[in-house]
1. Please go through the stretch 226-261 and pick out each residue that is touching a Ser or Thr at 6+ places or on another chain (Cβ under 8 Å) and not small (Gly, Ala, Ser).
2. Filter the stretch 283-313 for residues that are among the hydrophobic types (A, V, I, L, M, F, W, C), more than 24 Å from residue 203 (Cβ to Cβ) and free of Cβ contacts under 8 Å to residues at least 40 places away in the same chain and give the result.
3. Just one of the numbered conditions (1) under 18 Å from residue 153 (Cβ atoms); (2) surrounded by 22 or more Cβ atoms within 10 Å (Cβ to Cβ) is not true of residue 294; which one?
4. Condition (residue is in contact (Cβ under 8 Å) with a residue 40 or more places away in the chain, in contact with a helix residue (DSSP H, G or I) (Cβ under 7 Å, 6 or more places away or on another chain), in the same structural domain as residue 284 (by TED's automatic domain parsing) and polar (S, T, N, Q)) applied to the stretch 197-217: is it met by at least one residue?
5. Which residue, of 168, 140, 161, is under 30 Å from residue 305 (Cα atoms), under 32 Å from the mean Cα position of the chain (by Cα) and of a type in the set (Asp, Glu)?
6. Out of the residues in the stretch 1-59 that are among the small types (Gly, Ala, Ser), under 45 Å from the mean Cα position of the chain (by Cα) and modelled with pLDDT under 90, which is farthest from residue 92 (Cα to Cα)?
7. Quick test of your reading of the structure: residue 83 fulfils all but one of (1) at pLDDT 90 or above; (2) surrounded by 15 or more Cβ atoms within 10 Å (Cβ to Cβ); (3) not acidic (Asp, Glu). Name the failing condition by number.
8. Report, by residue number, each residue of the stretch 148-198 that is within 15 Å of the ligand (Cβ to nearest atom) and basic (Lys, Arg).
Amino acid sequence: MINLELLKQAVMDSRDGITITDARRSDLPIIFANPAFERMTGYPLDRLVGHPCGIMRPAEDAAADAARTVLDDGDGCEATFHSRRRDGSRFWNEVSISPIYEADGTLTHYIGIHKDVTQRVLLERELRSKTRDLATANAELEKLVALDALTGIYNRRHFDERLAVLWEFAARNADPIALFFIDIDHFKHYNDAFGHPAGDRALVQVAQRLAEIFQRGSDVLARYGGEEFVVLASGMAREPAARFAQRLCERIEALELPNPEAPGARLTISVGHIVVTPKAGMRPAEALERADRALFEAKTSGRGRAVGAVEVA
Ligand SMILES: Nc1nc2c(ncn2[C@@H]2O[C@H](COP(=O)(O)OP(=O)(O)OP(=O)(O)O)[C@@H](O)[C@H]2O)c(=O)[nH]1
């Protein structure tokens, strides 16, 4: 049997707070608290003994209630309370409570082992908040990486990624994909006439107008290069694609941006488009090349128009 003096010394010297409360009284008064508990709470022993263990006023009633329910069932429990010290300051008290029974099964006392875990809880909170900030920053960064800085629509990198994914998807479902290459006509003249900042504003206006036209969630509109835009429209067949391409030319001309040096004195676009139903072994780059060639044809045959490429067999 262990030496009682040693047992007493262990309790008195423990770095953790130790309390014993009377379980036979509903207010659970403390009948013993060791020096570590006095230091933790700032209450001297004579202010603790005889007082309910709620003397530390747990701040979270829900946690206190939950602990009380478990104790009422006669079980031990672990809980973390946001408690107050005597001087009003707060600390996090991680407490492990065990019931003590007499030989006949009567519950007589609870023994509580208390740890001040304030540092740990604050660190965990800071870590959680930093993790949240990091996740928000990452999401923001991902968006930025995908977007064109000037126009706010997707950039070429993102377009190529989406094209690769949607191409596979269309191949599996034998769905058509329409690709549009759009290039502003005589944009060099525009810059020369109105200056580069005005050119930038025109690019933004064109991008916005294109975004208004392609509004379906499955459409991907991107700035592909300087004054060149590209659109992918999943599931669009040849006829509607040709109509869309024509409408693009009309809608951009309807912006009525002047381009004095260009024939017609208006800012116009040329469009090359293609509709493909991807098949095994066919690469998206081939379809893009064909759309680009159709764009070249639209340019050389007068600009301000749309030309459809022959569908890839
Ligand atoms: N303002 C502005 N201009 C740009 C930007 N990117 C490219 N450009 C201009 O777009 C013009 C493209 O000129 P070109 O490739 O000769 O084509 P174009 O004058 O549009 O003639 P066509 O395409 O043959 O009708 C150049 O003057 C570029 O400086 C940009 O971000 N902002």
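1. First pass over the stretch 226-261, keeping only residues touching a Ser or Thr at 6+ places or on another chain (Cβ under 8 Å): 233-235, 249, 252-253, 259.
Correct list: 249, 252, 253, 259.
2. The initial filter retains those residues of the stretch 283-313 that are among the hydrophobic types (A, V, I, L, M, F, W, C), namely 285, 287-288, 291, 294-296, 298, 306-307, 309-310, 312-313.
Next cut, more than 24 Å from residue 203 (Cβ to Cβ) only: 285, 287, 309-310, 312-313.
Those that are among the hydrophobic types (A, V, I, L, M, F, W, C), more than 24 Å from residue 203 (Cβ to Cβ) and free of Cβ contacts under 8 Å to residues at least 40 places away in the same chain: 285, 309, 310, 312, 313.
3. So residue 294 meets the others, but not (1).
4. No: the stretch 197-217 contains no residue that is in contact (Cβ under 8 Å) with a residue 40 or more places away in the chain, in contact with a helix residue (DSSP H, G or I) (Cβ under 7 Å, 6 or more places away or on another chain), in the same structural domain as residue 284 (by TED's automatic domain parsing) and polar (S, T, N, Q).
5. Details: 168 fails: under 30 Å from residue 305 (Cα atoms); 140 fails: under 30 Å from residue 305 (Cα atoms).
Within the list 168, 140, 161, the selection yields 161.
6. The initial filter retains those residues of the stretch 1-59 that are among the small types (Gly, Ala, Ser), namely 10, 14, 17, 23, 26, 33, 36, 42, 50, 54, 59.
If we keep only those that are under 45 Å from the mean Cα position of the chain (by Cα) too, we end up with 17, 36, 42, 54, 59.
Narrowing the set further to residues that are modelled with pLDDT under 90 leaves 54, 59.
On the way: 54: 14, 59: 10 Å.
Looking at residues that are among the small types (Gly, Ala, Ser), under 45 Å from the mean Cα position of the chain (by Cα) and modelled with pLDDT under 90, I get 54.
7. (1) is the only condition that residue 83 fails.
8. Across the stretch 148-198, the qualifying residues are 156, 188.
The values are calculated or read from the model by the stated rules, or taken from the named source; none is laboratory data. Because the structure is a prediction, the values reported are computed rather than measured. Methodologically, a virtual Cβ is constructed for each residue, glycine included, from the backbone with ideal geometry; neighbour enumeration extends over all protein chains shown.
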